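Chemist: I have a structure here, written as structure tokens, and I will follow up with some questions on it.
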Ligand SMILES: Cc1cc2nc3c(=O)[nH]c(=O)nc-3n(C[C@H](O)[C@H](O)[C@H](O)COP(=O)(O)O)c2cc1C
């Protein structure tokens, strides 16, 4: 017996794939998705994912061990493809027998998918276009996350609703596809499940859960914000392509514009090449997010948040958030 029979039936392929009770992933959020939030999500029946971000292999090793001490349920690890020690990080996942690895931040480099599958873990990937999604699934990826521009953090240009219409009819029957970006209520989960998604991934909705270690000032900024406050960064220089980041407007948003000008100047002067320029931009974000999440500097730090931030109004335990969105999904499906 399940409390949410209609939703659970539509999530069945997703829960079988993840090994969790509900096919609700908490997307990895750098600095936020550490052992406490990840374990809380998995203990509540969802699927937590550790954000490795810029961690060294030693730090990831500790974080996985710390998470295992807090939960016996399955959880995943999110690795950024451009991390210089990617293969060492994969080795750490192998050492711990991690069951699911999410590769984010770009096309997985040669051999990475194979290295993960070699120790029996499942690989989840992101793909910005349908053609690339098909290619990645053909070449060994086990599941796909499609993430629209409503999401918090690094984003692509296309909205979740359009991606869902493009990808799900083509891929959902044969492949495991999770939908992310802008999901704040269960009604939306029901809709994507009915379109063939196996489950969903949420970030913003979980960032301020009671179990999240984010600074109280970071959480307060989320509770106060409306959807329109979560804006995408703008690219200042056409020669310096930067992946847009969605975050709450603050002084840090403006500082990012200045940072881009500074890096573009270094590029002009031949002091850095394009790869180094882009790495500097990414380091800037990691540092700025840390300032907001850990230090609570909500003026100068980066308050990465999706548009669903308007639906986050108070601190709640993860289990309550999951119960609420599952009940909303169930009610929506029962009304059909
Ligand atoms: C504060 C914050 C940090 C994030 N950091 C990462 C990250 O390190 N790696 C990643 O793949 N996605 C990251 N994301 C994206 C989330 O994993 C998730 O896909 C996204 O939040 C889903 O959209 P939503 O915010 O509309 O729920 C981040 C999102 C937020 C809000």
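Chemist: What is the pair-distance distribution P(r) of the stretch 188-268, computed from all Cα-Cα distances in 10 Å bins starting at 0, with each bin given as a whole percent?
Modeler: The calculated distribution, bin by bin, is 14, 31, 30, 20, 5, 0.
Chemist: Sorted from largest down, what three extents in whole angstroms do the Cα atoms of the stretch 216-307 have along their principal axes?
Modeler: Computed over the Cα atoms, the extents are 43, 25, 17 Å.
Chemist: Based on the inverse mean of 1/r over its pairs of different Cα atoms, what is the Kirkwood hydrodynamic radius of the stretch 273-326, in Å?
Modeler: 13.6 Å is the Kirkwood radius here.
Chemist: What is the extension gain from residue 118 to residue 220, computed as 0.36 nm multiplied by their sequence separation minus the C-alpha to C-alpha distance, in nm to one decimal?
Modeler: Value of the extension gain: 32.4 nm.
Chemist: Per residue of the chain, what 222 nm ellipticity follows from adding -39500 (n - 2.57) for every DSSP H run with n ≥ 4, rounded to the nearest 500?
Modeler: -13500 deg cm²/dmol
Chemist: Which distance in nm do the two modelled labels at residue 3 and residue 158 give, with both placed 7 Å along the Cα-to-Cβ direction?
Modeler: 3.6
Chemist: Could you tell me the largest-minus-smallest coordinate of the C-alpha atoms of the stretch 24-90 on each of the three principal axes, in descending order and whole angstroms?
Modeler: Taking the Cα atoms of the stretch 24-90, the three principal extents are 34, 21, 18 Å.
Chemist: Let me ask something additional. Give the average over all directions of the projected area of the C-alpha convex hull of the chain, one decimal, in nm².
Modeler: 16.1
Chemist: Residue separation times 0.36 nm, minus the C-alpha to C-alpha distance between residue 185 and residue 274: what's the value?
Modeler: Stretched out fully, the residue 185 to residue 274 stretch lengthens by 28.0 nm.
Chemist: Using a Förster radius of 45 Å, what is the FRET efficiency between residue 213 and residue 331 based on their Cβ-Cβ separation? Nearest 0.05, please.
Modeler: The value I calculate is 0.90.
Chemist: Report the antiparallel proportion of the DSSP beta bridges in the chain as a percent, rounded to a multiple of 5.
Modeler: 20
Chemist: Give, in nm to one decimal, the length gained when the segment between residue 85 and residue 266 is fully stretched (0.36 nm per residue of separation minus the Cα-Cα distance). Could the numbers behind the result be given before it?
Modeler: Details: separation 181, 0.36 × 181 = 65.16 nm, distance 2.57 nm.
Difference between extended and current length: 62.6 nm.
Chemist: If you find the alpha carbon centre of the stretch 271-336 and of the stretch 54-130, how far apart are they in angstrom?
Modeler: 20
Computed from the coordinates by the stated procedures, all read-outs in this text should not be read as laboratory data. Just so we're clear, the structure is a prediction, and the values are computed from it rather than from any experiment. Cβ coordinates were reconstructed from backbone atoms using ideal geometry, including for glycine residues, and neighbour counts include every protein chain displayed.
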